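Peer 1: Sharing a structure here in structure tokens format.
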Amino acid sequence: MAEMSAIGKKLKETFPDAVTGMKTFRGELTVSINKDYIGKVAEFLCNDDESDFGYLSDLCGVDKSRLDNSNAFEVVYHLYSLRHNHRVRLKVEIPASNPSIKTVTNVWKTADWHEREAYDMFGIIFEGHPNLERILTPEGFEGYPLRKDYPLKGRQPASLREVYRKGEE
Amino acid sequence: MGIETLFGDCILTTTLDKVVNWSRKNALWPMPFGLACCAIEMMAAVAPRYDLARFGAEVFRFSPRQSDLMIVAGTVTYKMAAVTKKIYDQMPEPKWVIAMGACASSGGIFDTYATVQGVDEIIPVDVFLPGCPPRPEALIHAVMEIQKKIDKESVLDE
């Protein structure tokens, strides 16, 4: 899609340091972004008239530590433009040793719960998030269950049972 | 036959237990705790084809305070565990519990960090109903087992 590559090109021209890679697969554009620029890139893609990605359709984490040697996590953003009916995917690599990245809740409000889920499952810290708490697992949960080092049949410590024994006394 | 001969034909005598148990078991008010696909079978059981009303258990109440039979139908996660327990606690005595399906009975295939390995970890269960999901006939059978159990109870035990 010519139109999509134009968006990638424009992004590269506007933020030459931010774009670390670009690839098109089956007409879908994927852009790798340097983690320091995600805030600026998100704002640009949301507000720029040509791209106008007003809708964040998904945000998720990936643990790549056993996929390659990078020992990195990844945050993936799927964007959609309701006006132009086009999509783009952003990938941001962050080190597994210090998994933190700037929040995009100030650009897309829906990122709030998505980022909480990524935090809950991978322990990725979203700096500036208004309420970064666990969302799917209960209070008192320990560890990050979607990380590759989390045991497959992982069990929570007995302390979690207190969660449902609260009402007993 | 004892005192009945003096009363003639117009009076029946029985025990209090029999009357109480008879009324309890034929008017179960289930609390539908539908958590997964088992809930679909549970709904089918009260629909016309299977008609749980034949056993007096058709009045599904969505308020725990009005029910005496909890049907835990589906996978109980740890996030839901506290809610399950709370709702059970809100039901007035006497109350019974059916763990419907493999997940509610034992965690089923979900041998993971998120799933309670059987709802009996949290609340006492009277009947475990296997199946994935169990058919409506199986649920009716479970209700009949509850009825049998009620029949054996005595008001003196309470």
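The values are calculated or read from the model by the stated rules, or taken from the named source; none is laboratory data. Just so you know, these numbers come straight off a predicted model, no measurement behind them. A quick note on method: Cβ atoms are made from the backbone with ideal geometry, for glycine too, and the neighbour counts reach across all protein chains shown. Heads up: the accessible areas ignore ligands, DNA and RNA and are worked out on the full protein's heavy atoms, side chains in. Shrake-Rupley method; radii C 1.70, N 1.55, O 1.52, S 1.80 Å.
Peer 1: How much space per residue, in cubic angstrom, does the convex hull of the C-alpha atoms of the range B:63-147 take up?
Peer 2: Per residue, the Cα convex hull of the range B:63-147 comes to 79 Å³.
Peer 1: Taking the range A:86-145 on its own, what percent of its Cα-Cα pair distances exceed 16 Å? The partial results should precede the final answer.
Peer 2: Numbers: 819 of 1770 pairs.
When all Cα pairs of the range A:86-145 are counted, 46 percent exceed 16 Å.
Peer 1: Moving on. Averaged per residue, what accessible area in Å² does the range A:2-150 show with a 1.4 Å probe, protein chains only?
Peer 2: Per-residue accessible area for the range A:2-150 comes out at 52 Å².
Peer 1: Mean 1/r over all different Cα pairs, inverted: what Kirkwood radius does the protein assembly as shown give, in Å?
Peer 2: One over the average 1/r among Cα pairs gives 24.0 Å for the protein assembly as shown.
Peer 1: Tell me, Kirkwood radius of chain B from alpha-carbon pair distances, in Å? Intermediate values should be presented prior to the final figure.
Peer 2: Details: mean 1/r = 0.0604 Å⁻¹.
That comes to 16.6 Å for chain B.
Peer 1: For the range B:25-151, compute the number of Lys pairs whose alpha carbons are separated by less than 20 Å, excluding pairs fewer than 8 positions apart on the same chain.
Peer 2: Lysine pairs, 8 or more places apart or on different chains, close enough: 7.
Peer 1: I've got another one for you. For the range A:17-48 and the range B:1-49, write down the distance between their C-alpha centroids in whole Å.
Peer 2: What the calculation gives is 66 Å, centre to centre.
Peer 1: Using the beta-carbon distance between residue A:25 and residue B:43 and R0 = 41 Å, what value does 1/(1 + (r/R0)^6) give for FRET efficiency, to the nearest 0.05?
Peer 2: Approximately 0.45, to the nearest 0.05.
Peer 1: Averaged across B:117-123, how many Cβ atoms of other chains sit within 10 Å of each residue's Cβ atom?
Peer 2: 1
Peer 1: While we're looking at this one, here's another question. With the full set of protein chains in place, find how many percent of the accessible area of the range B:25-151 is carbon and sulfur; take the probe as 1.4 Å.
Peer 2: 59
Peer 1: Here's something else I'd like to know. Inside 10 Å of the C-beta atoms of A:131-142, what's the mean count of C-beta atoms belonging to other chains? List each step's numbers first, then the result.
Peer 2: Numbers: counts 0, 0, 0, 1, 1, 4, 5, 7, 3, 1, 4, 1.
Other-chain Cβ atoms within 10 Å of each residue's Cβ, averaged: 2.
Peer 1: Then there's this: Could you run the numbers on buried accessible area between B and A, total for both chains, 1.4 angstrom probe, in Å² to the nearest 100?
Peer 2: In total, this chain pair buries about 1300 Å².
Peer 1: Using the Cα centre of the range B:25-151 as the reference point, and only Cβ charges (+1 on K/R, -1 on D/E), how large is the resulting charge dipole? Debye, rounded to the nearest 20.
Peer 2: 260
Peer 1: Round to the nearest 0.05 the FRET efficiency obtained for residue A:113 and residue B:121 when R0 = 41 Å and r is the Cβ-Cβ distance.
Peer 2: So the FRET efficiency works out to roughly 0.90.
Peer 1: Ok, one more. Excluding residues on the same chain fewer than 8 positions from residue A:12, give the lysines whose Cα lies under 19 Å from its Cα.
Peer 2: Reachable lysines: A:23, A:35, A:40, A:91.
Peer 1: Follow-up. For a Förster distance of 35 Å, can you work out the FRET efficiency between the beta-carbons of residue A:83 and residue A:148, rounded to the nearest 0.05?
Peer 2: Between residue A:83 and residue A:148 the formula returns 0.35.
Peer 1: In Å², what does the accessible area per residue of the range B:25-151 work out to with a 1.4 Å probe?
Peer 2: 43
Peer 1: Could you name the aspartates and glutamates whose alpha carbon sits less than 16 Å from that of residue B:18, not counting residues in the same chain fewer than 8 places away?
Peer 2: B:151, B:153, B:157, B:158
Peer 1: Follow-up. So, by mean Cβ neighbours within 10 angstrom, what's the order for A:84-92, B:146-154, B:100-108 with the highest one leading? Before the final figure, lay out each step's value.
Peer 2: Working: A:84-92: 17.3, B:146-154: 15.2, B:100-108: 24.6.
Going by the mean number of other Cβ atoms within 10 Å, highest first, we get B:100-108, A:84-92, B:146-154.
Peer 1: Once you have the alpha carbon radius of gyration of the range A:2-102, what is it after dividing by 2.2 N^0.38 Å, with N set to its residue count?
Peer 2: Details: Rg = 13.4 Å, N = 101, 2.2 N^0.38 = 12.7 Å.
Here the answer is 1.05, to two decimals.
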